[in-house]
1. Out of every Cα-Cα pair in region B:122-214, what percent are more than 23 Å apart?
2. For peptide A:333-343, compute the average count of partner chain beta-carbon atoms within 10 Å of each residue's beta-carbon.
3. So what is the relative contact order of region B:122-214, in percent, for Cα pairs below 8 Å that sit 6 or more residues apart?
4. I'd like to know which of A:Ile335, A:Cys390, A:Gln426 lies farthest towards the positive end of the charge dipole of region A:315-430, counting +1 on Cβ of Lys and Arg and -1 on Cβ of Asp and Glu.
5. When the expected Rg is taken as 2.2 N^0.38 Å, what fraction or multiple of it is the alpha-carbon Rg of region A:198-318?
6. What length, rounded to one decimal in nm, is gained on full extension from A:Asp115 through to A:Asp39, with 0.36 nm per residue of separation minus their alpha-carbon distance?
7. Using 0.36 nm times the number of residues separating A:Tyr225 and A:Ile398, minus their current alpha carbon distance, what extension gain do you get?
8. With r defined as the distance between the Cβ atoms of B:Glu202 and A:Arg99 and R0 fixed at 30 Å, what FRET efficiency is calculated, to the nearest 0.05?
Amino acid sequence: MAAGVATWLPFARAAAVGWLPLAKKIMPKPPVDKKSRNDEILFVNVSGLRFQTWKNTLDRYPDTLLGSSEKEFFYNEDTQEYFFDRDPEMFRHILNFYRTGKLHYPRQECIQAFDEELAFYGIVPDIIGDCCMEEYRDRKKENQERLAEDTEAEMATDTPLPPHSTHRERLWRAFENPHTSTMALVFYYVTGFFIAVSVIANVVETVPCRPLKGSKKDLPCGEKYSLAFFCMDTACVLIFTFEYLMRLFAAPSRCKFMRSVMSVIDVVAIMPYYIGLVMPENEDVSGAFVTLRVFRVFRIFKFSRHSQGLRILGYTLKSCASELGFLLFSLTMAIIIFATVMFYAEKGTKGTNFTSIPASFWYTIVTMTTLGYGDMVPNTIAGKIFGSICSLSGVLVIALPVPVIVSNFSRIYHQNQRADKMRAQQKVRLARIRLAKKGTTNAFLQYKEEGGFHVRLFHDAALCTGFLLYILYIHNHLLHCLEKTTNHEFTDELTFSEMCMTESVGYRTSRSTSISSQQGELTSCCPRRAKRRAIRLANSTASVSRDSVQELDTLQVHKTSAGPQSRSSLNARTEDLKLNCEDRDFTAAIISIPTPPANTPDDSLPPSPAIPGILRNSRTSSYIHETVKISSL
Amino acid sequence: MGVVFGTFSMHTKQVTFRTDNVDDELEMTMVCHRPEGLEQLEAQTNFTKQELQVLYRGFKNECPSGVVNEETFKHIYAQFFPHGDASTYAHYLFNAFDTRNDGSIKFEDFVMGLSTLLRGTVREKLEWTFHLYDINRDGFINKEEMTEIVRAIYDMMGKYTYPALKGDVPKQHVDVFFEKMDKNKDGVVTLEEFVLACQEDENMMRSMQLFENVM
């Protein structure tokens, strides 16, 4: 944050005196600020509550309403103050953001009201400090979900189709939301009916029917009315096949569809029939064929398309898989232990059922789950003692993990969400660090290209953010001094690796880019490098991170060009470069450096070199970098 | 049976008894340093009252407790020079500012140092720089100390430089420096030699004037 930079900058400059005896070249001249920058106190009246603050405090974030010239619209000449007709309680938090650099979310406020205030003052909510970020996100998600539910409920009643949708899209939509059209609903219920019919038929065909005339044995109905059942089966399978093919056709992404669980279930439900058709009536194979018929029971899972509850159950089991696995593992351990004990306890008895340890498994399981079939009972005293211990421990082993699994489910569910969020945040953070590191090099190189050799004076109109710009220039001057001391120059990673490969590139030509209009030369010998330098800077927002990433912001001055993005047009446009506050778009580039995390909350470790909160400019499209000549007074 | 119960241990959490540490931390946060009065500082340094006020406000904002320790120092420098590793140079700088050698910089130290560097005479600045280079405070700069400092400065440049850092560039730099500074070729540079050599160096004198009177 500029405040931190501004505070320590004179000190860093002073410390640069230590480089002077070592410097091989003369130091470059520093930027001189002609205007004396006396700080003044501003009065801000928010619905009657009067706030006062330094002008510099507000200037820290030029991307916001209070930091830019936009606040002049609210200036009241008579009372010499800025008047805002907004919530004064909320304003307190907004102002604290300017002061400390951290945005906090007041827990008692409504999330939407807070968001609206932030939007009014031009502050992006992404910079909420870590202490309040989770709460903010949770509340926001809750709110959004509630709104989404409401809108969904609305949508369920009347849903106009998007215009110009193909047949395929309409078909897919009909499959996914059966309530959209009557045809879809009819189809939905028909398939449901046939699933039920198929399952019932599978069940009924094994029930013994009255035997055929002249035979004593009871036949299962499936064999008595084999033709009828076969016809019913065929009909169901035909319907299911038709449905599957239609879904496959309508699916927006066929590969994804084919890999989804529901489609696998569909396939498994209908495959046995076709395999049965293909396979010949053979004694050896019919055994396998019978096994295949078992798979027909999977048709019952097709109901999960019709039932939300089944889907939730499936998800629960999936997410609790590790817990369940652990339960299974501990059960297995207990079973093995007790089975072994029981086997050896009962070994002596004649005619015992405990013939082997695996045989004792059955006894252990039945006892531990308190089933107690009674088909295997211990006879010896030792066996009975251990048997009772087994049943007692069974109660505990089975009963205890169940509430744990239930609570685990809710915990895991929330944890997963948070872990995903953090992973995504971490990725973004790393990307931002990399980008910002590049950004600082680019910023410095740009400063040099603008001719940092000359003394830069500042236009009056630039005063609104002149302070920060001045800081930027001083910082770049400092980096320049370091270069002169060591007689080496800063480059970015890419150019460095390139230079390692192509050593023959001369100094001047390789370094000049086509951007600089002052030199007026369009060197295209290294167009790739130049283009890379030419562009875009970190349009990234920053937030104070938990592992104390320290950030320093530099301002990048860009002029957005609406015209064609070819480089040849750059020269043409540089004639009319005039610096106006209104024309410029400021993008703040953040340089994030990971610092060693403060394990002990050291008091003297100041919280605010953790500089947060640089705001994203709303225009995030790539900028064309043009040299901005800052004209003198 | 014990094994069965042992398997449930996955859900027990480690409870650490941290009350003692918490008390210590609370004590530490109470420590706060206030600088001497404004008039005294104005008398001791070359800054005006307004400048001192601005400096202190910034300082207090960054370090509410009133002291800067070495870690913070390294942080600050890392922000300014993100390309490379500024921690070694920051360490030497810290020692140079910390005139009392107590491991922390108070506002007075900060302001006195700044006053010398920004508003002092050429001699004072050179003396300060000499003390910066003289790591062990024995009154002489030998080659090892100088090499350390130069390496620290080159570390700040980072890896990606043009031209690339090949060979032992810091050592060459130190050799050149000693050529210039060590008049009697005895292998060490004394304060007088240093001041004399620097005053003869036109470029350096001009550069030094650049850092005058800036805030």
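Values quoted throughout were computed directly from the atomic coordinates according to the rules given, and no laboratory measurement underlies them. Owing to the predicted nature of the structure, the values given are computational and were not obtained by experimental measurement. When we count neighbours, we look across all protein chains shown, and the Cβ atoms used for this are built from the backbone with ideal geometry, even at glycine.
1. 30
2. On the way: counts 3, 4, 0, 0, 3, 2, 0, 0, 0, 0, 0.
Other-chain Cβ atoms within 10 Å of each residue's Cβ, averaged: 1.
3. 32 percent.
4. Final value for the positive-end residue is A:Gln426.
5. 1.27
6. 24.3 nm
7. Length gained between A:Tyr225 and A:Ile398: 57.8 nm.
8. Taking R0 as 30 Å, the efficiency between B:Glu202 and A:Arg99 is 0.05.
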